[in-house]
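Here's the structure we're looking at; comments come further down.
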Protein chains: 2
Amino acid sequence: MIAIDVMGGDNAPQVVLKGALEAAKNYIPIALHGPEDVIVPWLEHHAPGWQTLNITIHPSSQIVAMDEDPVFAVRKKTDSSLVKAVASVATGSAQAVLSAGNSGALMVASALIIGRQQGVERPAIAGFLPVQHGTVLALDLGANTECRPHHLLQFAQLGTQYLKGSMGIEQPRVSLLSNGHEAGKGSILVKEAYQLLASAPGLNFVGNTEPAAIFAHKTDIVVCDGFSGNVLLKTMEAVIEMTASIFPSQAAVLEEKYHQKAPGGALLLGIKGTVIVCHGNADAKTIENAISFAWKISHKTLKNKENISQLY
Amino acid sequence: MIAIDVMGGDNAPQVVLKGALEAAKNYIPIALHGPEDVIVPWLEHHAPGWQTLNITIHPSSQIVAMDEDPVFAVRKKTDSSLVKAVASVATGSAQAVLSAGNSGALMVASALIIGRQQGVERPAIAGFLPVQHGTVLALDLGANTECRPHHLLQFAQLGTQYLKGSMGIEQPRVSLLSNGHEAGKGSILVKEAYQLLASAPGLNFVGNTEPAAIFAHKTDIVVCDGFSGNVLLKTMEAVIEMTASIFPSQAAVLEEKYHQKAPGGALLLGIKGTVIVCHGNADAKTIENAISFAWKISHKTLKNKENISQLY
C-alpha cells in the first residue's frame, strides 16, 4: 500500500489524483489521503467504476500549504493529508508515503512520526540523476542547506547502505561534489569531509568529483550539502529543458530518455520507512512514476532500515 | 594587443598556439608569451610565413604548472609565461591577457601585478551562461570557494558595472542563486547577502533565483559563492555534453548553438585590466573565441575600470 498526500503540490489535487489513478490501474494498491469531498467527486468523474481498483480513501480535513513553516504545520495540522499519510507508514498500514507538497513539512513529519534511523542526525533527500549508462544517487538535494563534515559522512553512509540494500550494488563508489577532483580542492566543508570519508570503514570513497565525472558515471553516489546539491539537480533539469526547446522535434525523445532513468521522486534517507519526495511542480506522469518506484523499493527497503551504526 | 600565456592549459602549448594563430589570421594582434624554442618551430611548421601576421613573441623561460600553489608560483616564477603575459597588461603593452593555465595563479598574478580596482576585496570569475534568448553573467564561478555576504554584494556591483559599461545594459537585473526563489530561502550566506543586495543603492536586485529562472533569462546577472557557481557552470557543461551524445547527429548544431553564445572564456572582474580565464581543457576553437571576445571587450572596458566605490 502506498500512501499518497493528495493535497500536496503546486497542481494538487488534480495531477496527484491522476498519477495515483494510473498507478492503481497498474495494480499498485493506493491509499489516498485528503478530503473525501474532493477525492470522491474527482474519481467519479475521471474513473467511473474506480471502486474495482485497489484504491482506499482516508479522509483528512486539513491542508499543509507549500510555504508554511514545517514544524508549525506538522504540530498544528494533525488532521492534514500530509501528516495522516506519513502516520500511516508509522503504523504499518502503508509501506511507503509520497508527497509533492511542502518538502520541509514532509521531512519534519517523517522524522517526528516515523522516526529517524538510529545514529542519523540529519535525514537527507537523495535522488537518482540520469547519467551516461545509468543513474547516480545524489544527496543531499536540499533538505540541509547548512552541513557540517560529519553530516556529509552520514550521507555517504546512508547512500551506501541504500544502494547495497535496495540495488544490490556491493561496493558503491562514493564521492564528494567539489570544484576540482584533486584531494585539496573544495570548500572548507568539503576538505574536512574528505578526511572523514577517506578514513571511514565500509565506504568505497573515490575522492572528489566534478559534474563532468558524475554525468560520465565515474561514481555511484555523490555527496554534498543541500544547497550545492539543489543547484546540481536544478541546473541539470533546467539545461535538459532548455535543450529540449532547441530541438522541439526531439523533445519527446529526450524527455522519455530522462524520465525512463529518473524515478520521478527523491527518497528521504535516514528515516525508518520509505518516504518519497516529489517536486512541487511534478506532473501526473511523474507522480505515477514515483508511485511505481515507491512500490518497487518499499519491499526491498523494509529489511534494511537497521541501525546505521551497526553497519559502520 | 592580446597577451597569450602559451604554456597554460591541459593541452598547451598546441591548442593555445592554434587558437592564437586563427585569431591572428582574423587580424587580432597577438603577443605570444612562452619559450621561443617552443613557439617558433610550431609556427614555422603550422604557419609558414607567420611573420606577415600581427604576431609578436615574448620569450619566457618558466612554466606555472596547473596544480602549483598560486601564491608561491607567482612569487617564484617571475619569468613564467603566465606572469609575463599578465605583466604586459600592467605596463600597458597589451590590452588584455588570456590564460588557460592555473586559474588561481592567474588571479594572484592579476591582483598583485595589475592590481585590484579600488574597493574590491575579492576579484571574481564571471562567465556568460548561454540561456534562452541570450546570456546571463554568472559570478563567482570558482575563484572564491568561501564567501561572506559583502563579497556577494561586491560581485553584484562588479557584474552590474560590467554589463552597464561594456554591454550598454542600463539596469541589469541582479539576482542571488538560491534553492528557492522566495526571500527567506537559501543558506545563511544567501539570506544575509539578500539583505545587503536589497538595500544597496544602484542595484536592480530582483531577488533569489533558481537555475530554471536563470536559463529562462529572468535575470541578467546571477551572484553566488565560487563553489556553487562552479557547480552551476560545470553541471550546465556536463549536461550539454551528455545531451549531445544522445543526439550525435545534432551534436554539432548543439555545440554551435552554445559556442555562439558563450565567449569561450570567463572574465576576472575587479581587476584594473582585462583578464580572461579559459578552461584548462579548452580546445583551439574555444581559445580563438576567447581571444576574439577579449579583443572586442578590451577597448570598451578600459574606460570603465574606475573606483567601484565611486559608482555605488
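The values are calculated or read from the model by the stated rules, or taken from the named source; none is laboratory data. Small disclaimer: the values here were computed from a predicted structure and weren't measured. All Cβ positions, glycine included, derive from the backbone under ideal geometry; neighbour counts span all protein chains shown. Heads up: the accessible areas ignore ligands, DNA and RNA and are worked out on the full protein's heavy atoms, side chains in. Shrake-Rupley method; radii C 1.70, N 1.55, O 1.52, S 1.80 Å.
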Going through region A:162-180 in order, the residues found to be open to solvent by less than 50 Å² (accessible area, probe 1.4 Å) and either in a loop (DSSP other than H, G, I, E, B) or more than 14 Å from B:T145 (Cα to Cα) (or both) are A:Y162, A:L163, A:G165, A:S166, A:P172, A:V174, A:S175, A:L176, A:S178, A:N179, A:G180
A:S103 fails exactly one of (1) modelled with pLDDT under 95; (2) within 20 Å of A:W295 (Cβ to Cβ), namely (2)
B:N204 passes all but one of the listed conditions (1) of a type in the set (S, T, N, Q); (2) within 11 Å of chain A (Cβ to nearest Cβ); (3) farther than 25 Å from B:L98 by Cβ; (4) in contact (Cβ under 8 Å) with a residue 40 or more places away in the chain; the exception is number (2)
Sole miss for A:D140 among (1) open to solvent by less than 10 Å² (accessible area, probe 1.4 Å); (2) acidic (D, E); (3) more than 20 Å from A:G226 (Cβ to Cβ) is condition (3)
Pairing a residue in region A:284-312 that is farther than 13 Å from A:L98 by Cα and open to solvent by 20 Å² or more (accessible area, probe 1.4 Å) with any residue that is part of a helix (DSSP H, G or I) and modelled with pLDDT under 85, where Cβ atoms lie under 6 Å and the two sit 6 or more apart in sequence or on different chains, gives A:K300/A:S166
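Residues are listed down the side, and each one gets a yes or a no for (1) polar (S, T, N, Q); (2) closer than 17 Å to B:I276 by Cβ:
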position	(1), (2)
B:Q14	yes, no
B:N54	yes, no
B:P59	no, no
B:E68	no, no
B:A94	no, yes
All-but-one check, A:A183 against (1) open to solvent by 40 Å² or more (accessible area, probe 1.4 Å); (2) assigned to a strand (DSSP E or B); (3) within 11 Å of chain B (Cβ to nearest Cβ), failing number (2)
Only one of (1) open to solvent by less than 10 Å² (accessible area, probe 1.4 Å); (2) under 25 Å from B:M1 (Cβ atoms); (3) touching a strand residue (DSSP E or B) at 6+ places or on another chain (Cβ under 6 Å) does not apply to B:I125, and that is (1)
The correct count of residues that are assigned to a loop (DSSP other than H, G, I, E, B) and either closer than 19 Å to A:S99 by Cα or in contact with a helix residue (DSSP H, G or I) (Cβ under 8 Å, 6 or more places away or on another chain) (or both) in region A:123-143 is 6
B:A200 meets each of (1) open to solvent by less than 40 Å² (accessible area, probe 1.4 Å); (2) closer than 26 Å to A:H181 by Cβ; (3) out of contact with any strand residue (DSSP E or B) (no Cβ under 7 Å at 6 or more places or on another chain) with one exception, condition (2)
Result of the Cβ filter at 9 Å on region A:218-229, keeping first residues that are in contact (Cβ under 8 Å) with a residue 60 or more places away in the chain and away from every other protein chain (no Cβ under 11 Å) and partners that are open to solvent by less than 10 Å² (accessible area, probe 1.4 Å) and assigned to a loop (DSSP other than H, G, I, E, B), at least 6 apart or interchain, is A:T219/A:P172; A:D220/A:P172; A:I221/A:P172; A:V223/A:D140
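Would you call B:I188 under 21 Å from B:F128 (Cβ atoms) and either facing chain A (nearest Cβ under 7 Å) or out of contact with any His (no Cβ under 6 Å at 6 or more places or on another chain) (or both)?
It is false that B:I188 is under 21 Å from B:F128 (Cβ atoms) and either facing chain A (nearest Cβ under 7 Å) or out of contact with any His (no Cβ under 6 Å at 6 or more places or on another chain) (or both).
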Scanning region B:188-197 for residues that are under 19 Å from A:G226 (Cα atoms) and open to solvent by less than 10 Å² (accessible area, probe 1.4 Å) gives B:V190, B:A193
Looking at A:Q95, is it touching a Leu at 6+ places or on another chain (Cβ under 8 Å) and of a type outside the set (K, R)? yes
Those residues of region B:108-146 which are within 30 Å of A:A238 (Cβ to Cβ), charged (D, E, K, R) and away from every other protein chain (no Cβ under 13 Å) amount to B:R122
Going through region B:99-122 in order, the residues found to be open to solvent by 30 Å² or more (accessible area, probe 1.4 Å) and of a type in the set (V, I, T) are B:V108, B:I113
When restricted to B:V97, B:V120, the only residue among the aliphatic types (A, V, I, L, M) and part of a loop (DSSP other than H, G, I, E, B) is B:V120
Going through region B:1-29 in order, the residues found to be in contact with a Leu (Cβ under 8 Å, 6 or more places away or on another chain) and either open to solvent by less than 20 Å² (accessible area, probe 1.4 Å) or under 12 Å from B:A100 (Cβ atoms) (or both) are B:I2, B:A3, B:I4, B:D5, B:V6, B:M7, B:G8, B:L17, B:A20, B:L21, B:A24
Residues in region A:282-300 that are assigned to a loop (DSSP other than H, G, I, E, B) and under 15 Å from A:G127 (Cβ atoms) total 1
Only one of (1) open to solvent by 10 Å² or more (accessible area, probe 1.4 Å); (2) not in a loop (DSSP other than H, G, I, E, B) does not apply to A:L152, and that is (1)
B:H58 vs (1) open to solvent by 80 Å² or more (accessible area, probe 1.4 Å); (2) within 17 Å of B:A23 (Cβ to Cβ): all pass except (1)
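Residue by residue, here is whether (1) within 19 Å of the chain's Cα centre (by Cα); (2) of a type in the set (S, T, Y) holds:
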{"residue": "B:I4", "(1), (2)": "yes, no"}
{"residue": "B:Q14", "(1), (2)": "no, no"}
{"residue": "B:G19", "(1), (2)": "yes, no"}
{"residue": "B:E22", "(1), (2)": "no, no"}
{"residue": "B:Y27", "(1), (2)": "no, yes"}
{"residue": "B:G34", "(1), (2)": "no, no"}
{"residue": "B:W50", "(1), (2)": "no, no"}
{"residue": "B:S60", "(1), (2)": "no, yes"}
Flagged in region B:31-49 as crowded, with 18+ Cβ neighbours inside 10 Å and over 16 Å from B:L82 (Cβ atoms), in numbering order, are B:W42, B:L43, B:A47
